[in-house]
Structure formats: C-alpha cells, structure tokens
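One structure below.
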Amino acid sequence: MKIISTCILSVLFCVLTVEADTALVSNFTYAVTPGSNTGELWALSRGDASAANGYSLLRLNTSGSAIQLESSQNIVFDKGITGVNFQELGNALTAENRRTVSVRVGDQMVAQGFTADSNGGLTVPSVLLRTDLNGAEAFSITAAGLGADLALASKSPASLAAHDLAVDNSSRNHRLWMARGPWGITRSAFAPSSWVSGIEAIPAVTPVFLLNPTTASWDTLQKTETLDTASHLAVWALSLDSNDGSLWIGSEKGLWSGNRDQSELVRHTLGGIDTLRVTGVWRSPTGERLVVESSLLSEGKQSSQTLSSLWQSLDSGKTFAAVAVPYDSLNVSVSGVAFLGDDAWIAVLGIGNSASGLLRIGHQGAKQWPDSLAIPNRETSSRYVWGLEAHVVDRDVFVTGITTFALGSGTGLALSTDGAGVSVSADSGSTWKQILNQKAVKGALSEVRMVPSVLRGYGASVIAYRLNKDAKVTIEVFSYDMRKVKTVVRNAPRLADLVRSSDARSDVWDGSDDTGNPVVLGMYYVRVRDDKSHESWGKIMWMGGRQ
Amino acid sequence: MKAKLWILTGLCCSVGVMAWGDKQATLGGQEGFVERMGGGVREQGLGNVGVADLQAQPGAYWNPALVASSRQTDVVMGGEQRALGRPGLTFGIQKGFGSRMGVGVALLGRGVTDFMVVNDEDVDLGYANPYWYMLYISLGWRATRQDLIGLSFARAGENLGISSYFPSENLKDDGQSPTSYNFGWHHIWNTKWSSGVVVRNLGFNSDLSARWVRSSNATGNLSSETFRPKTLEVGTMYHSRLFGRDLSMQIEVLDYQLADTLLVFDPDWHYWTARMGAEYELIPSGHVRAGYNSGDLSLGMGYVFNLLWGAKPWPLSVDWALVYENSAGLWNPLSVGVRTRIP
C-alpha cells in the first residue's frame with residue numbers, strides 16, 4: 001500500500017538550480033540525449049551527494065574538430081528522486097535492467113524516475129521525471145499509464161519500470177511510448193513547449209497495450225481488467241520512427257515489427273530463431289540499419305549466467321546477422337547505440353566484469369582501435385572495446401550511454417560515463433573532448449590535488465597538477481613514515497596546461513604498492529616532481545577494503 | 001670483552017646486508033607507522049635507538065624492562081611537526097616501586113593536519129584532522145644486578161575524522177585494536193657495555209599474532225585485515241669517554257616477520273633494518289647526537305638544567321632533534337621535548 005500511495009500521491013516539484021561554475025550536476029552521468037537546438041546536449045547525472053541528481057543542458061560549439069563548452073545549465077532533482085537506479089545498473093544480470101532510459105519530448109527531457117524503497121534506497125520505479133529549463137517535475141508512473149491492477153504492481157514494484165522510451169513527434173501533441181515489461185506498452189500525450197504543473201497534464205488513464213503472440217496483435221487492457229501474463233509477452237524494448245510510423249518491439253519471445261497505429265504485428269527471426277528474448281532494438285535515422293540485442297538469463301544451481309547476442313540488419317530488418325566478433329566473447333550488455341556514417345557505435349557494460357567502452361560496428365563487422373594508441377604496461381582486455389586506450393574517455397571509467405546530436409555543421413557523438421562526465425567527439429570518434437567538473441589547480445607545480453582524496457575501497461584517485469612548461473614528471477607514493485610505496489610514472493612527458501597537466505589515464509593511484517598489492521589503511525603522500533626538480537605533494541587516505 | 005666486540009661487529013656487518021625496500025609498507029597498519037617512527041625527542045636525534053639504553057624514554061615503549069631502572073618518577077614529553085602537516089607527540093611516565101620493580105605508561109600519537117577531503121566529484125568537502133595513537137603499559141623487574149626484564153601491553157587506536165563528509169556510506173572514524181604484548185630484556189655487561197632485546201607485537205591467540213580486522217564502515221565490507229608483524233629488536237650500547245666527556249654509541253637491528261603465522265624462517269617473509277646513534281657530551285650537561293635509521297639521518301642536541309625541587313636536585317632536560325627523511329627528501333627540524341625526574 002505504501003508503494004501505491006507513493007505512486008498516486010507523488011506529484012513532486014523540484015528545485016531549479018543553475019550552477020554557473022560547474023558544467024554538470026555530477027561527473028557521474030548515465031544517459032545523454034540530444035537537445036532541441038544545434039550544439040545542445042542533455043546529460044542525466046547521479047552522484048553521491050543529494051544535490052548531485054539531475055539533468056545538465058550543455059551548449060557546445062566547434063572550431064574544426066575542437067569542441068568548446070559555451071555554457072551549461074543544471075537542473076537538480078529533489079533529493080528523494082533519481083533517474084538512475086544504481087542497484088539494478090550494477091547488479092542486474094538481465095540486459096533490460098542495465099541501462100538508463102531517457103528521451104527528449106519536444107523541449108522536455110523524460111526519464112524513468114526512482115523513489116525510495118523501504119530501506120531508503122532509490123530503487124522503486126514509481127515516477128517519470130520530466131525536465132525542461134524551467135525545472136524538473138516527477139509524476140506518478142501509474143497515472144501515466146497503469147490504471148489497471150495496481151495490486152500486482154504493489155507486489156512487484158519492478159514491474160512498474162519503463163524499460164525503454166520512445167517518442168512520436170508526428171503530431172503537435174507528442175506521444176511518449178513506454179516499454180513496460182509485463183505491462184506491454186503504454187502511450188502518454190504531452191503538451192509541447194509548455195509547462196503544465198501537476199497530474200492534469202497526463203491522462204488519468206492511458207490504455208495499456210499487451211502483445212498477444214497468438215493473434216500477432218495488440219490487446220487493450222482496461223482499468224478494471226486483470227493482467228493476463230500467460231497470454232501476452234513482456235515488452236522490453238521499442239523503437240519508433242516518427243516519420244514513417246514504423247515500430248519495432250523487443251519482447252520476451254521474439255523481435256516484432258508493426259506500425260504506430262498498432263495494426264497487425266510481424267515476428268522476425270534472429271539466427272533462424274523467432275523466440276529469442278529481445279532486450280534492445282535500435283534503428284538508424286534512415287531506417288535501413290537495425291541493431292538488436294537478445295539476452296537470456298541462464299539460471300544454474302550454483303550461479304546464473306547471462307547469454308547475450310548482438311544482431312545487425314543492413315536491409316531495414318529483412319535479414320539479421322549476428323555480430324559474433326567480438327560480442328560473444330565479451331559478456332557485456334548494451335547501454336545504448338548511436339548511428340553515425342557507416343558505423344554503429346555501441347556502448348557496452350560488462351556483466352560481472354570491468355569491460356566497458358564502445359564497440360564500433362561497420363558494415364563489414366567490428367573495428368579495432370589502432371595499435372598506436374596502446375598504453376604502455378597496460379593490459380588490454382579487447383582491442384574491439386574503444387575506451388581508455390582509444391582516448392574515448394580520459395580515465396578508467398565505465399561508459400554508460402551514447403547518442404548522436406547536432407553539433408556545428410555536422411553530427412557529434414556524445415557518451416555518458418561513470419565518473420568522468422561526458423565525452424564528446426565532433427569528428428566521428430577520431431578525437432574526444434571530456435567535459436566534467438574540475439576544480440582549478442595552481443600552476444607551476446605548486447599544488448597536487450587528489451580526486452578523490454579518500455579512497456573508500458573502490459576506484460582510483462586522479463593525481464591532478466599543473467605545469468607552466470612542458471616537462472617530464474615522476475610521480476611517487478609514500479607512506480606516512482615516508483617510505484616509497486609506489487612509482488606511478490617515471491619521467492613521463494606532460495604538457496603545460498591552463499587547467500591541468502595530469503594524464504588521467506596513467507596519473508592515478510588505486511591504493512596498490514609496486515607489487516600490485518593493496519597497501520594498509522592509513523595516510524599516504526603523493527609527490528609529483530618534474531625534471532627541473534620542482535616538486536609538490538598531495539595527501540590521500542586509503543581506507544582499505546580491496547583485497 | 002671479546003664477546004662484546006663480536007656482538008658489535010656482527011651488528012655492524014648486518015647493517016650492510018639489510019633488505020631495504022618495498023616491504024616497509026606492509027609493516028602493519030597506520031599504527032605500525034606510529035610505532036616505527038618512535039617516541040622521545042632525544043632518541044629521535046639518536047636515530048630512534050633505545051632498547052639497550054637505560055636512559056631511553058619512555059621505557060614502556062622502547063623496552064619494557066627499562067622501567068625497572070627507575071627509582072623515582074621519570075616523565076618525558078615531546079612534540080614535533082614533521083613536513084607535510086604530520087604532527088606527533090610523546091608522553092611517558094615511569095616509576096619504580098618496591099626494591100626491584102617499575103611500572104610505566106607511554107602514549108605515542110601521530111596525526112595529519114589540514115587534510116582536505118575531496119570527493120569523487122572534485123569538490124572540496126572540508127578539512128579533516130585524522131590521528132592515530134599507540135598506548136603502552138609496562139611492568140619491569142630487576143631480576144639481578146645486571147638483568148632487567150619487562151612486559152608491556154599495547155593497544156592502538158585511531159580517529160579518521162572523515163565520516164561526516166560521506167554520510168551515505170556509513171563510514172566509521174573510530175577504531176581500536178585488540179591488545180598485544182611485548183617482552184623486553186636488558187643486560188648490563190659492565191660499565192661500558194649493555195644490550196637489549198625486545199620482542200614486539202605478540203597477540204593472544206594460537207599464532208601469537210597481533211591481528212586487527214579494521215572495518216571502515218558499518219556494514220563491514222570495507223575492511224582491512226592487518227597485523228603488526230612480530231618484531232625482534234636486538235641492540236647494544238657502548239659507553240666510554242672521549243676528551244674527558246661521556247661518549248656513547250648504540251646500534252640496533254630489527255627483524256620484522258611479515259607472515260601472519262607463529263614463526264617462519266623463510267627470508268622472503270622477513271624484513272630487516274637497522275638503526276644506530278651516537279651521543280657526546282660536548283659541554284658539561286650539553287649533548288650532541290647523530291643517528292641513522294633505515295636510511296634516514298638525524299641530529300640532536302640536549303641540555304640538562306640542574307634545578308632544585310626544594311632542597312632536592314631536579315634535573316630538567318630539554319632536547320631538540322632534526323630528522324632528514326631521505327627517501328622523500330624532507331627536512332624535519334621541529335622536534336622539541338623535555339624530560340625530568342621528579343624528586
């Protein structure tokens with residue numbers, strides 16, 4: 001009952017905050033979506049602090065392949081709401097729960113919103129978050145579509161989740177489509193370019209459409225009816241083309257296509273099988289190319305394993321071929337797909353492993369990043385995963401989402417990351433610019449800043465410093481009693497910079513000593529010294545926990 | 001005499017083959033740093049030697065047997081500020097009782113000042129001043145005119161001071177180790193030679209391990225299992241006169257067993273290091289000191305003011321030390337301490 005009351009009553013208004021000195025609400029971003037105008041990009045953040053949940057609208061410009069951040073505006077959510085479910089994102093084995101959904105509807109951003117569970121964790125998908133530059137509003141997800149059978153929803157709060165979002169821009173009143181798992185799909189009308197407070201903006205009851213595989217058609221669930229899960233397929237993914245009205249559906253059993261008028265559906269085969277569990281469908285703007293993810297949880301007695309495959313069609317969905325290399329060997333799920341030129345850029349996230357980055361899939365298959373980019377002494381998990389080595393990100397973080405957006409006179413690529421802000425490319429992925437909140441450090445190697453300065457059992461700390469002249473630097477870590485624990489880099493060339501000279505790919509410390517073992521709990525000191533014997537020190541506390 | 005020369009020669013030779021290097025970081029947790037950095041400003045000037053020196057204070061820390069040498073109440077206090085905001089303090093008191101016994105307490109503390117807590121978002125959250133301490137309580141017994149033996153109990157504690165900056169993570173600032181114990185023996189060979197042996201960091205379990213599982217958060221998934229390695233310290237002191245004034249020299253070798261087991265003889269599981277120091281009475285009641293401690297160099301000076309407590313003599317010694325931390329290239333000139341014997 002608590003969940004029901006939360007759902008019904010949770011019409012929550014959030015505070016508009018415009019942060020002039022920070023580019024992002026948080027450096028931990030989980031979805032990126034194009035804005036309304038050229039150069040505009042929305043990024044959805046969730047950081048640790050209560051004020052680190054919200055959307056940022058970045059305004060970017062280009063000069064050649066160089067990208068400048070002209071301005072940004074941050075809209076912070078109420079502290080009891082988030083657009084990112086950490087628990088599912090990090091722990092879920094099923095692909096449909098491992099991505100953060102977000103879509104632009106007119107000039108508004110819409111994302112699945114999560115409110116507090118009985119333990120205080122923000123895990124209950126009870127609201128949708130709607131944001132524009134005037135602020136953010138959360139409204140009940142039940143009112144937005146689930147008028148029926150709230151009792152079932154209360155028993156299984158996760159069943160409320162919107163696993164995928166799509167928007168139909170064909171009419172003045174945009175329609176938001178949601179893939180709702182066992183609840184099929186729902187549609188909601190949005191008033192464009194206007195801010196209407198409260199639940200009145202949403203129809204009190206929106207029909208729920210359930211996929212009936214027997215009749216290959218949609219059944220409509222009325223408010224008074226009970227959900228019949230035996231006769232209908234759960235819907236995990238959808239892709240809707242506003243121009244031609246074509247609709248692609250990923251379901252519990254099979255990939256389906258149809259039209260937005262919801263006439264007869266057609267089931268497609270993947271690898272000769274038409275009952276694969278399809279958890280993701282992405283369609284290129286031209287409609288010729290589709291990328292499909294199938295994912296199945298194989299539950300054994302001892303452990304469970306996710307069996308995923310990636311499929312690609314180059315003929316508007318007539319035929320599909322598996323992208324077996326490298327996908328089948330990676331054990332990852334797809335966080336998002338962006339189509340640019342001849343390539344599909346696919347953001348992937350390891351399931352129970354640390355693989356993360358982009359797969360670059362051309363017409364002929366996956367492309368590797370070049371040897372010349374390899375980082376010395378760094379073990380590379382896969383040359384097909386474009387990440388740290390390919391300069392897609394500037395530090396060792398997970399890639400959590402990807403999109404294309406209008407940038408300058410062309411199309412830009414943007415991706416969200418788990419801790420390194422947003423990476424943007426204006427030249428089809430050849431070079432990348434990282435946009436993140438960074439505090440300025442003093443120049444002439446007069447300050448060393450550890451970010452973070454308390455390592456709490458995970459991650460690594462970036463060693464931030466600034467040189468006034470190009471130099472070779474040596475970075476060493478010392479214990480409290482000034483015994484050298486680790487040499488991070490020795491005589492590594494670094495460039496003078498107005499912000500930071502650190503190379504966040506390698507100027508990091510993860511709490512290990514020279515032998516790779518974790519150090520003991522305590523204070524440590526990091527010395528950065530250049531080849532002219534200028535030096536400065538930073539302090540960091542290691543709290544243990546990594547065995 | 002010949003035997004003592006062999007001891008001294010053996011200790012000196014062993015210094016040349018010490019295994020320096022990476023193992024140092026594994027020698028216990030932060031309290032291990034506190035313990036190894038020592039206490040007592042006079043002893044810092046001597047390169048942190050003291051197990052064979054009846055003058056070393058606080059005796060409860062250096063060698064629990066030494067407290068049996070006190071016939072009155074000895075008090076030592078010291079403070080230092082090392083480079084990079086690393087303050088330290090020492091307090092010790094010891095007193096003889098009965099005809100052969102002594103008891104002592106020592107407190108060593110170290111901390112960090114103005115530690116800026118920066119979160120994952122690159123935002124300054126505020127300053128913290130974490131600190132760590134070791135507390136020793138010892139009991140000594142003069143077994144013979146030449147032999148003193150002692151036992152001390154030790155406990156470590158800490159306060160990290162950062163949990164309030166990460167409210168969602170339920171971090172724990174406070175921690176206190178289980179009690180461990182140390183044995184000490186001091187032998188006076190003659191007027192010139194003395195020696196000391198200390199076995200440190202024994203625990204109350206079958207492995208005699210001073211083990212400490214430190215949980216840094218409430219849920220316990222952020223924990224470090226540390227142990228203070230069993231340590232054997234052997235030292236000798238030679239006392240003589242040069243140009244009519246007192247001269248003393250000391251040398252110590254230390255063996256840390258890195259394996260958390262009862263005993264292991266594989267050298268890969270041991271870390272050896274050495275310390276040495278010399279003290280000379282340059283002027284009456286005024287001493288100069290020099291020392292070497294595992295690569296670090298030190299200098300010191302001290303002067304004893306011979307005051308009166310009523311009609312009774314009341315010596316008050318003021319000491320200063322400079323420590324050069326060689327590996328990091330840091331000079332630490334701010335160490336000052338006083339020691340006295342209350343009549």
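Read-outs throughout are calculated quantities, based only on the coordinates presented, and are distinct from any laboratory measurement. Quick caveat: nothing in here was measured; it's all calculated off a predicted structure. Every residue, glycine as well, gets a Cβ built from its backbone with ideal geometry; the counts of neighbours run over all protein chains shown.
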### Query
Taking a label point 7 Å from the Cα of residue A:319 along the Cα→Cβ vector, which residues of the stretch A:254-286 have an amide N closer than 18 Å to it?
A:268-274
### Exposed GluC sites (Glu not before Pro) absent - longest run of chain A, DSSP non-H/G/I/E/B, at most 11 other C-beta within 10 Å
A:1-263
### Query
Once both labels are modelled 7 Å past Cα along the beta-carbon direction, what's the residue A:79-residue A:512 spacing in nm?
3.7 nm
### Message
For residue A:488, what residues show an amide H to amide H distance below 5 Å, using hydrogens built from the backbone and excluding near sequence neighbours?
### Response
A:475, A:476, A:477
### Query
Near the amide H of residue A:101, under 5 Å away, which other amide H atoms are found, from residues 5 or more places off or on another chain, if H is placed in the peptide plane?
A:112
## Note on the structure
Summing -39500 (n - 2.57) over every DSSP H run of at least 4 residues in chain B and dividing by its residue count gives a helix-only mean residue ellipticity at 222 nm, to the nearest 500 deg cm²/dmol, of -2500 deg cm²/dmol
### Task
Set the Förster radius R0 to 56 Å, insert the Cβ-Cβ distance between residue A:36 and residue B:81 as r into 1/(1 + (r/R0)^6), and round the FRET efficiency to 0.05.
0.45
### Task
List the trypsin sites (Lys or Arg not before Pro) within the stretch B:84-189 that fall in a DSSP loop (any state other than H, G, I, E or B) and whose Cβ has at most 12 other Cβ atoms within 10 Å.
B:145
### Highest-first arrangement of A:344-357, A:483-496, where packing means the average Cβ count within 10 Å
A:344-357, A:483-496
### Message
Using a 10 Å cut-off around each Cβ of peptide A:523-531, what is the average number of partner chain Cβ atoms that fall inside?
### Response
3
### Separation between Cα centres of the stretch A:355-410 and the stretch B:296-343, rounded to whole Å
61 Å
### Nearest-0.05 FRET efficiency for residue A:353 and residue B:342, computed from C-beta distance (R0 51 Å)
0.20
## Note on the structure
Amide H contacts under 5 Å for residue A:308, restricted to residues at least 5 apart in sequence or on another chain and with H modeled in the peptide plane, are A:296
## Note on the structure
Simple SL model, points at 7 angstrom along Cα→Cβ for residue A:86 and residue B:176; separation in nm is 3.1 nm
### Message
Which residue fluctuates most in the GNM of chain B (Cα springs below 10 Å): B:109, B:47, B:175?
### Response
B:175
### Message
How much length would be gained if the chain were fully extended between residue A:212 and residue A:505, taking 0.36 nm per residue of separation minus their Cα-Cα distance, in nm to one decimal?
### Response
100.5 nm
### Query
Fewest to most neighbouring Cβ within 10 Å: what's the order for A:531, A:481?
A:531, A:481
### Task
Give the Debye-formula value of log10 I(q)/I(0) at each listed q (0.14 Å⁻¹), with one equal scatterer per alpha carbon of chain B, two decimals each.
-1.18
### Task
Treating cross-link reach as a plain straight distance, find the aspartates and glutamates whose alpha-carbon is under 12 Å from the alpha-carbon of residue A:433, omitting any fewer than eight places away in the same chain.
A:394
## Note on the structure
For the stretch B:210-218, in residue order, the Karplus 3J(HN,Hα) values (coefficients 6.51, -1.76, 1.60; θ = phi - 60°; whole Hz; Gly and Pro = x) are 8, 8, 8, 9, 9, 8, 8, 9, 5
### Sorted by Cβ density within 10 Å, fewest first, the residues B:236, A:123
A:123, B:236
### Message
7 Å from Cα along Cα→Cβ at both residue A:363 and residue A:288: what's the point-to-point distance in nm?
### Response
0.7 nm
### Message
Between B:122, B:268, B:174, where does the largest GNM mean-square fluctuation fall for chain B, given springs only between Cα atoms within less than 10 Å?
### Response
B:122
### Message
Please give the charge dipole size of the stretch A:449-542, origin at the Cα centre, charges +1 on K and R Cβ atoms and -1 on D and E Cβ atoms. Round to the nearest 20 debye.
### Response
180 debye
### Summary
Along the stretch A:286-291, Karplus-curve 3J(HN,Hα) (6.51, -1.76, 1.60; θ = phi - 60°) to the nearest Hz, with x for Gly and Pro, reads 7, x, 6, 10, 10, 10
### Message
Could you work out how much longer the chain between residue B:264 and residue B:242 gets when fully extended? Use 0.36 nm per residue separation minus the Cα distance between them, nm to one decimal.
### Response
3.6 nm
### Message
Quick check: residue separation of residue A:170 and residue A:273 times 0.36 nm, minus the Cα distance between them. What number comes out in nm?
### Response
33.7 nm
## Note on the structure
A correct fewest-to-most ranking of A:543, B:37 by other Cβ atoms within 10 Å would be B:37, A:543
### Summary
Taking every residue of A:532-543, the Cβ atoms of other protein chains inside 10 Å of its Cβ average out to 4
### At R0 = 30 Å, FRET efficiency that the Cβ-Cβ distance of residue B:314 and residue B:99 yields, to 0.05
0.80
### Query
Pick from B:85, B:29, B:40: which is most flexible by mean-square fluctuation in a GNM of chain B where alpha carbon atoms under 10 Å apart are linked?
B:85
